[in-house]
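For reference, the structure is listed below as structure tokens.
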Amino acid sequence: MSGYKVPIWEVSPVLKVKNLETYIEQFHILQGISFDVKQGTITVLFGRNGAGKTTTLRTIMGFYPISDGNVIYKSEQIGGLPTYLIARKGIGYVPEDQGIFHHLTVGETLLLAQRTKNEEKHEKLEWMLEIFPDLKKYWQKRSGLLSGGQKQMLAIARAYINSNGLLLIDEPSKGLSPLMVGKLMDSILQMKEKSTILLVEQNFFMASNIGDYFYIMDDGKTVHDGYMNELKEDKETLKKYLGVS
Ligand SMILES: Nc1ncnc2c1ncn2[C@@H]1O[C@H](COP(=O)(O)OP(=O)(O)O)[C@@H](O)[C@H]1O
Ligand SMILES: [Mg+2]
């Protein structure tokens with residue numbers, strides 16, 4: 001079957017979010033979020049500041065209660081489960097602030113991420129060191145002393161080692177130099193070989209270069225979706241929702 005590419009609509013979704021609604025205190029933040037993340041894709045969630053992207057990821061991870069709708073991971077309903085159980089199902093989460101323990105070294109952080117040591121975890125660690133050679137180079141360095149880009153790499157590697165098929169990554173390019181953004185883009189693209197990725201990004205250059213499929217959020221709703229290639233040509237949508245002209 002070489003050269004045959006399965007059309008995206010025939011690939012089963014790893015993650016399915018259906019009409020998700022979430023309140024934070026009395027505020028109705030998510031008001032109907034629906035999207036699929038298909039196996040082996042990088043699916044990008046776009047949207048302006050305050051659109052609800054981070055809240056969507058945090059709701060999937062069980063940090064906020066769901067007031068309506070569903071989250072389905074690998075055919076199993078996970079909406080409403082506590083965070084530790086959702087993490088245990090194998091969803092890896094890289095938060096916006098990375099959540100790195102600054103006093104631990106890179107090595108300690110990654111060995112701790114392995115928790116139970118087995119062949120599979122060992123292979124995952126080895127692969128991350130291949131994809132992010134800086135982590136190997138700075139193995140003994142305290143995480144707090146790493147550059148912003150290196151911290152991001154560490155956070156992604158840690159989440160991947162603990163995951164089992166899906167990574168949620170929140171704005172990895174934020175605050176990074178264009179050179180580092182390029183480096184990170186290459187690495188995330190390589191990771192697609194072994195993991196499905198839901199990527200929140202405001203950096204259109206980065207996301208459009210590595211994403212397969214996109215959804216746009218606005219005011220707590222998903223308002224537009226399609227293939228990334230099509231979005232690049234859709235000047236009106238780019239201008240209206242993403243401020244790209
Ligand atoms: N803890 C909170 N309490 C009250 N409002 C919040 C809280 N967290 C987020 N919000 C509000 O929810 C909306 C969506 O925020 P967020 O999900 O962080 O957006 P994005 O990640 O797309 O920038 C914003 O209007 C924000 O002010
Ligand atoms: Mg955010």
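Residues in region 65-96 that are part of a loop (DSSP other than H, G, I, E, B) and either under 21 Å from ILE216 (Cα atoms) or basic (Lys, Arg) (or both): ILE66, LYS74, LYS89, PRO95, GLU96.
Of the residues making up region 114-164, those that are open to solvent by 40 Å² or more (accessible area, probe 1.4 Å), more than 21 Å from PRO95 (Cα to Cα) and in a helix (DSSP H, G or I) number 9.
Out of curiosity, is ILE156 at pLDDT 95 or above, hydrophobic (A, V, I, L, M, F, W, C) and out of contact with any Gly (no Cβ under 8 Å at 6 or more places or on another chain)?
Yes, satisfied.
Within the span defined as region 209-219, one or more residues are among the β-branched types (Val, Ile, Thr) and either open to solvent by less than 50 Å² (accessible area, probe 1.4 Å) or part of a helix (DSSP H, G or I) (or both). Before we move on, is TYR227 of a type outside the set (D, E, K, R), more than 16 Å from ligand 2 (Cβ to nearest atom) and either under 18 Å from the mean Cα position of the chain (by Cα) or farther than 24 Å from VAL181 by Cα (or both)? Yes.
Cβ separations smaller than 6 Å between residues 6+ apart or across chains give the following pairs from region 47-64 residues that are closer than 12 Å to LEU242 by Cβ to residues that are near ligand 2 (Cβ under 9 Å from one of its atoms) and not in a loop (DSSP other than H, G, I, E, B): GLY47/LYS53.
For GLY52, state whether it is touching a Leu at 6+ places or on another chain (Cβ under 8 Å), away from ligand 1 (no atom under 13 Å from the Cβ) and modelled with pLDDT of 95 or more. So GLY52 does not fit the description; no.
Of all the residues in region 36-49, those that are more than 13 Å from ILE169 (Cα to Cα), open to solvent by less than 40 Å² (accessible area, probe 1.4 Å) and within 16 Å of ligand 2 (Cβ to nearest atom) number 1.
Look through region 57-74, keep the residues that are of a type in the set (Val, Ile, Thr) and within 14 Å of ligand 2 (Cβ to nearest atom), and return whichever of them is farthest from PHE27 (Cα to Cα).
First, the residues of region 57-74 that are of a type in the set (Val, Ile, Thr): 59-60, 66, 71-72.
Still in the list and also within 14 Å of ligand 2 (Cβ to nearest atom): 59-60.
On the way: THR59: 14, ILE60: 18 Å.
Step by step, filter region 57-74, then rank; the result is ILE60.
Taking each residue of region 24-40 that is closer than 22 Å to PRO65 by Cβ and looking for partners that are among the aromatic types (Phe, Trp, Tyr) and in a loop (DSSP other than H, G, I, E, B) with beta-carbon atoms closer than 7 Å, six or more apart or interchain, yields ILE24/TYR64.
Scan region 165-196 for residues that are more than 16 Å from ligand 1 (Cβ to nearest atom), within 12 Å of the chain's Cα centre (by Cα) and open to solvent by less than 40 Å² (accessible area, probe 1.4 Å) and the total you get is 7.
Considering only region 97-113, how many residues are assigned to a loop (DSSP other than H, G, I, E, B), away from ligand 2 (no atom under 16 Å from the Cβ) and surrounded by 15 or more Cβ atoms within 10 Å (Cβ to Cβ)? Before the answer, list the steps.
Going residue by residue through region 97-113, those that are assigned to a loop (DSSP other than H, G, I, E, B) are 97-104.
From what is left, the residues that are away from ligand 2 (no atom under 16 Å from the Cβ) are 100-104.
Narrowing the set further to residues that are surrounded by 15 or more Cβ atoms within 10 Å (Cβ to Cβ) leaves 100, 104.
Qualifying residue count, region 97-113: 2.
Among residues of region 174-200 that are of a type in the set (Asp, Glu), those with a beta-carbon under 9 Å from a residue that is open to solvent by less than 30 Å² (accessible area, probe 1.4 Å) at least six positions away or on a different chain give the pairs ASP186/ILE131; ASP186/ILE210. Take the residues in region 73-96 that are among the aliphatic types (A, V, I, L, M) and open to solvent by 30 Å² or more (accessible area, probe 1.4 Å); name whichever of them is farthest from LEU154 (Cα to Cα). Once the filter is applied, the top-ranked residue is LEU81.
The values are calculated or read from the model by the stated rules, or taken from the named source; none is laboratory data. These numbers come from a predicted model, not from an experiment. Glycine also receives a Cβ, built like all others from the backbone with ideal geometry; neighbour counts cover every protein chain displayed. For accessibility, only protein heavy atoms count, side chains too; no ligands or nucleic acids. Shrake-Rupley method; radii C 1.70, N 1.55, O 1.52, S 1.80 Å.
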